Structure formats: structure tokens, C-alpha cells
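The values are calculated or read from the model by the stated rules, or taken from the named source; none is laboratory data. The model shown is predicted, which means the values in this text are computed figures rather than measured ones. Ideal geometry is used to build each Cβ from the backbone, glycine not excepted, and the neighbour counts take in all protein chains shown.
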Amino acid sequence: MLANASKNETSVLSRLWKNKMGMSCLIILILITLLSLFSYLVISDKTNNANRQILQIALQAPGFSQEILILEKNLNISDQHFGKTLLSGYRDNHDYIPYDSLWQNNGTIKTSFKSVVQFHDESKNNSQKKKTFWLGTDKYGRDVLSRLVLGLRVSIIIGLLSVLVSLTIGITLGSIAGYYGSKIDKLIMLVINTSWSIPTLLMAFAIIIALGKGFLVIVLAVGLTMWVDVARIVRGQVMQVKNELYVKASKVMGYGDLRTIVNHILPNIIGSILVMAAANFATAILVEAGLSYLGLGIQPPTPSLGNMLKESYAYATGGFVYLAFFPIITIMSLVLCFNLLGTALRDVFDIKSVQS
């Protein structure tokens, strides 16, 4: 039996490897996940939320370069260990001064930028560098690329946690309804159909308004909008599988219902669950972006793809199209990758589409 299971796993992996579109999307999503986890190690603005504001260079086009004078603020920052930096970046301990020309004389630095002259006290750790903003700057002079990467991180984390919430609720209720049937099934189906009748965003609005804005509330709100489809599909799959001989054999051997469901039924419908997880991930990214765009999701200055789009909407319609283009293309790419991966998984597990 173990040999058959191992053989099946090998067969699934082999079919997935041969599916070029599915493997390409899987590799892209793995790279995006790694980029999200280690984002503060690769982005140029390593301050918390990539929120360094250089107002003098606001709304600059992609590829813009500028000479920058970096002056240390001499703040007392002693808790910058690696774990905290990886999670939330550095506290900003420097002033970034853009300049066209610079002079140093007797401990004083004079900078000139667009005919505006400033004088600065020279510090031991001041430096100059040419900084390139590959995706331009926003209305506050922040690096769009750095904030886009962190927004990607928010989407991935919220998507993952929301999918876990939806799978936990959906698999639990779907398994119970499909396995026991009768009155329990009717009661759970009543709950499913009632929840299914409520529009997705309306339910999310109600949860956020009731519980308040916050990261965990958003995860809960998004997760609770997606469990219904999981429960329906799991219920139908369990109703089919529970009549198989190996399930009946487990009952004859005296295994309890929980052990039968967890060890024998769910592993045999894992394909359907993975397909739904991929589809739900795409849905979660869209719902979170929509909530943030409407002001009910992630709140500034924390960047998310939705609130970046909201902040830049007026400027995008006024000629700074790149401010809206990059968040939109990122959302589209993420959703497309997850949908294509879901299609590939469906083909790999040879699952018929059971979604209405």
C-alpha cells in the first residue's frame, strides 16, 4: 500500500514536471515568495515600510537618477538585530538630501538643488552616492520599486493566511457534511447556501466594520469569503470516496471516523483541495487589493498593491501613468500565475471541473 502511494506521488510529480505552463508558474511563484520573505535584503529603501520620503524628487519617471547626500542623524538605535531587520527593515537614521552641486568647507556642507541652497553640518559618517529609482518615485518621493516589493509581500502573506483559514473551515465542514450526511448534511448545507448568497465584498465589509481595521481582521475577512466553495467541493468528493472499499475496510478494522477521514479520505481528494487552494489564493489577492483600494484594507504607510493604486489614482489620471501601471500589472501577473497553476494541477490530478 505504501509502495502504491509512493508510486502515485511520483506519477503526480512527473506529470507536473512535464506541464511546462504549470511548472513555469510554480517556479515564478516560488521566486516571488522568496523575494517577499527576504525583501528588506534586496530593496534599495530598507527603512520600515520603505517610507523614506524625499519630497524634492517626488513624481519622477522610471529610471530617474539623482545625486544624494546622506547625513547621519545620530539617533540612539541599538536594537537593529538581523531578525528584526528582516521582518521590518531599519529605523531611518539618515537624511537623504538631493543635490545638483555640493561644496564642503570648514565642517560645513553646502548643497544646491534646483537653485535652492542649503547648509548642513558635516558628520563623521556622511557620504554621497548616485541613486537610481528604477520604477520612479511617488508623490512623497518614495522609491516605487521598494514599496512594490513590500506590497507584493503583503499580498502573499495575506493570501497564504486567508487560504489557510478558508481551507480549515471548508475542509472541516465539507468533510463532516459529506461523511455523515442526513440531518448534519442538511444543516451544514443550509449554512453554506446562506453564506453563498452574500456577496464577497459585502461580507468582507461587514466583518471589517464589525471587528475594526487590522491585519488579522483582514485575513479573517478574506478567508471567510472563500470557504464556501471549498466546503461544497470537499463535501461532494467525500460523498463519492466514502463508499470506496478501502474506506469500508478501515471501518471494519475499527478505525474511528476522524482517523478514517484524515488518513484515508482526505489524502485521496488532495488534488481537488490543491486546485481550490490555488484558485482561492488568486481570489484572496484580488479581494485584499480591492479592500485596500477602498480604504478598508492595509492602512498607509504600510504598502499594499491596493493602497498604492489608491494613493496614485489621481496622479495616474493626470499623466503619471506608471504609478498605477506597476501595481496593476503586478496584481494581474500574480492572479494569472495562480490561475494557470490551478489549471495545471487540475490536469495533473485529472480532476473534472466541479465549480459552477
Near pairs, Cβ below 7 angstrom, 6+ apart or cross-chain, from region 217-243 (farther than 11 Å from ALA177 by Cα) to any residue that is modelled with pLDDT of 95 or more and surrounded by fewer than 19 Cβ atoms within 10 Å (Cβ to Cβ): VAL219/LEU161; TRP227/ILE169
Hits in region 217-266 - residues which are closer than 15 Å to ASP185 by Cβ, among the polar types (S, T, N, Q) and surrounded by 15 or more Cβ atoms within 10 Å (Cβ to Cβ): GLN237
In region 1-36, the residues that are modelled with pLDDT under 85, farther than 18 Å from ALA344 by Cβ and among the hydroxyl-bearing types (Ser, Thr, Tyr): SER6
Matching helices (runs of 4 or more DSSP H) fully within region 219-328 where at least 2 residues are under 23 Å from LEU345 (Cβ atoms): 227-241, 270-293
Criterion: of a type outside the set (S, T, N, Q) and over 30 Å from ASN263 (Cα atoms) - qualifying residue of LEU161, LEU148, LEU173, LEU167: LEU148
Among (1) within 27 Å of the chain's Cα centre (by Cα); (2) within 19 Å of SER182 (Cα to Cα), the one test that THR260 misses: (1)
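Identify all residues within region 118-134 that are surrounded by fewer than 20 Cβ atoms within 10 Å (Cβ to Cβ) and not polar (S, T, N, Q); write none if there are none.
Once the filter is applied, which keeps residues that are surrounded by fewer than 20 Cβ atoms within 10 Å (Cβ to Cβ) and not polar (S, T, N, Q), region 118-134 yields PHE119, HIS120, ASP121, GLU122, LYS124, LYS129, LYS130, LYS131, TRP134.
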Number of the condition not met by TYR293 [criteria: (1) in contact with a Phe, Trp or Tyr (Cβ under 7 Å, 6 or more places away or on another chain); (2) more than 30 Å from TYR179 (Cβ to Cβ)]: (1)
Some residue of region 141-162 being part of a helix (DSSP H, G or I), under 22 Å from ILE273 (Cβ atoms), in contact with a Phe, Trp or Tyr (Cβ under 9 Å, 6 or more places away or on another chain) and without any contact (Cβ under 8 Å) to a residue 60 or more places away in the chain: no
Filter result for PRO301 (surrounded by fewer than 19 Cβ atoms within 10 Å (Cβ to Cβ) and within 27 Å of MET203 (Cα to Cα)): yes
Candidates THR108, THR172 - the one that is on the phi < 0 side of the Ramachandran plot, without any contact (Cβ under 8 Å) to a residue 24 or more places away in the chain and in the same structural domain as VAL222 (by TED's automatic domain parsing): THR172
